[in-house]
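Contents: one structure, followed by commentary.
The values are calculated or read from the model by the stated rules, or taken from the named source; none is laboratory data. Computed from a predicted structure; not experimentally measured. Glycine also receives a Cβ, built like all others from the backbone with ideal geometry; neighbour counts cover every protein chain displayed. Quick note on the areas: whole protein, heavy atoms, side chains included, nothing else; ligands and nucleic acids left out. Shrake-Rupley method; radii C 1.70, N 1.55, O 1.52, S 1.80 Å.
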Amino acid sequence: MSTKPRILIYSHDTFGLGHLRRCRTIAHAMVENDPDLSVLILSGSPIIGSFEFRSRVDFVRIPGVIKLRNGDYTSLNLSLDIEHTLAIRSSIIEHTAKIFKPDIFLVDKEPTGLRGEIKPTLEHLKTTDTRLILGLRDVLDDSEQLQEEWTRKGAFEALNLYDDIWVYGLSSIHNPLEGTEVTQSTYDKVLYTGYLKRGLIRSSVPDEPDPFGGDPFILVTPGGGGDGVELCDWVMRAYEAREAPLYPALLVLGPFMDTDHQSEFERRAQELRNVKVIRFTPNIELLMQKAMAIVGMGGYNIFCEILSFNKPTVLVPRVVPRREQSIRAARAKAAGLVNVLPIDAYPDVEPMIEALVGLPQQAPPLSSGLNGLMNGLDVINQETARILETRQQCAAQ
């Protein structure tokens, strides 16, 4: 078997694009930094095949599941109950890890995976010299909700299996474990990396055409779109009600938005000369770069993108089933990075019109001058290189 370094990344991917896009960003940065490194992503995303991956990055698609609004899970495509589906996923994950023999196993967000599915893999790899790392976004949830959830899932005990915990953010903005029963020994493993800088992805797919012929426009993105109907409707209502001109808007609805809603937004946009709609693009970074400003929901990926492309932004965070987005938005506003429009004001068009009118005059987020804000990928590469070098030295002894 090849002795070149290997990293296995787990992304449980129930619904949406957040986990997959975060793991893909990290994987691409890793292989770009190390010409010998290979990264394999374990993912349940039903649209992972729609994305392009750099050389030496590949994926294993495990059977998909969906998280319902009530917090339960169900199989995405198979006529199987959730326990049967999870058993298949867990078996694939463990077998892949045993064959791949990674130097590093990086787990995204869930310490035990979806419903504990990676615990057997963690326990096996703990008996090897694989470095076990848990990667956490800057905000997980309200501390009381997180305490209850992690207690129920056995996540606090699972933290003992990990060698390192990487938090993809800054402690000065938010501590995702604050208010929980995390021990000091666990805190000693924590490294704040800074946020993950996004750039343009080299792709064989043609660039998205300039939607308004070079004129400035506002990009509206609800991420995956499964819970973004209210945001898109609110923006559309503002353009339908506004008599004085607004800058043009491009709405990218997201692949998980219900097709009936997608069709309705397309129909409404046809009645407006300064609003256009597309359903999905795997290269939204290109549109981010072209846009003059952004309206989004406040997920981790959109937050990293607005920082990376330094665009004035209004966030309209969701508040269910998690408070993650609203916490992030509030902390970002307090740090002078974005403006925030509470979803509680929907569907009153006046607050949205006011936000859209003022958006182009907002200061871009990087004018805040926070140190280390976008160092995440550099820090991850430094830590990865350190771990791999230490392993090589131990193997040579």
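Please compute the length gained on full extension between residue 264 and residue 283, using 0.36 nm multiplied by the number of residues separating them and subtracting their Cα-Cα distance. Roughly 4.5 nm would be gained on extension. Taking the Cα centre of the chain as reference, the dipole from Cβ charges on Lys and Arg (+1) and Asp and Glu (-1) amounts to some 800 debye.
Calculated accessible area for region 273-383 comes out at 39 Å² per residue, all protein chains present (probe 1.4 Å; ligands, DNA, RNA ignored). With the alpha-carbon atoms of the chain aligned to their principal axes, the span from lowest to highest coordinate is 73, 49, 45 Å, starting with the largest.
Heavy atoms of the protein chains alone define the surface here; on that basis region 1-102 has 44 Å² accessible area per residue at 1.4 Å probe size. Judged by the mean number of other Cβ atoms found within 10 Å, the most tightly packed of the peptides 299-307, 4-12 leads the ranking 299-307, 4-12. Compared with the dominant principal axis of the Cα atoms in the chain, helix 349-358 is inclined by about 80°. In order along region 276-281, phi translates into HN-Hα couplings of 10, 10, 10, 7, 6, 9 Hz, rounded to whole numbers, per the Karplus curve 6.51 cos²θ - 1.76 cosθ + 1.60 with θ = phi - 60° and x for Gly and Pro.
Here region 13-162 is assigned +1 on the Cβ of each Lys and Arg and -1 on the Cβ of each Asp and Glu. Its dipole about the Cα centre then comes out at about 320 debye. Computed packing ranks the peptides 179-189, 40-50 as 40-50, 179-189, most packed first, by mean other Cβ atoms within 10 Å. Centroid-to-centroid, using Cα positions, region 370-397 and region 260-274 are 48 Å apart. Please report the relative contact order for the chain, taking Cα pairs under 8 Å with a sequence separation of at least 6, and give it as a percent rounded to a whole number. Relative contact order of the chain: 15 percent. For the chain, with all protein chains in place and a probe radius of 1.4 Å, 49% of the accessible heavy-atom surface sits on carbon or sulfur.
Phi angles across region 195-200 convert, under the Karplus curve 6.51 cos²θ - 1.76 cosθ + 1.60 with θ = phi - 60°, into 3J(HN,Hα) values of 7, 8, 5, 9, x, 6 Hz, Gly and Pro given as x. With contacts taken as Cα pairs under 8 Å and at least 6 residues apart, region 239-397 reaches a relative contact order of 18 percent.
Placing dummy labels 7 Å off each Cα toward the beta-carbon, the span from residue 191 to residue 54 is 1.8 nm.
Figure legend: label point modelled 7 angstrom from the Cα of residue 244 along Cα→Cβ; residues of region 339-373 with amide N under 11 Å from it are 354, 357-358. Could you point to the residue in 326, 387, 176 farthest towards the positive end of the chain's charge dipole, with +1 and -1 charges on the Cβ of Lys/Arg and Asp/Glu respectively? Projecting each Cα onto the dipole axis, the largest value belongs to 387. With both labels modelled 7 Å from their Cα along Cα-to-Cβ, the residue 348 to residue 124 distance reads 5.6 nm.
When DSSP beta bridges are limited to those with both residues in the chain, what percentage is antiparallel, rounded to the nearest 5?
5 percent
With a simple spin-label model that places each label point 7 Å from the Cα along the Cα-to-Cβ direction, the separation between residue 395 and residue 99 comes to 2.1 nm.
Residues in region 137-152 carry Karplus couplings, in order, of 6, 5, 10, 9, 5, 3, 4, 5, 5, 5, 4, 5, 5, 5, 5, 5 Hz; the curve used is 6.51 cos²θ - 1.76 cosθ + 1.60 with θ = phi - 60°, and Gly or Pro positions show x.
Between residue 36 and residue 334, the FRET efficiency from the beta-carbon distance, with R0 = 45 Å, is close to 0.60.
Comparing Cα centroids, region 139-174 and region 279-356 end up 24 angstrom apart.
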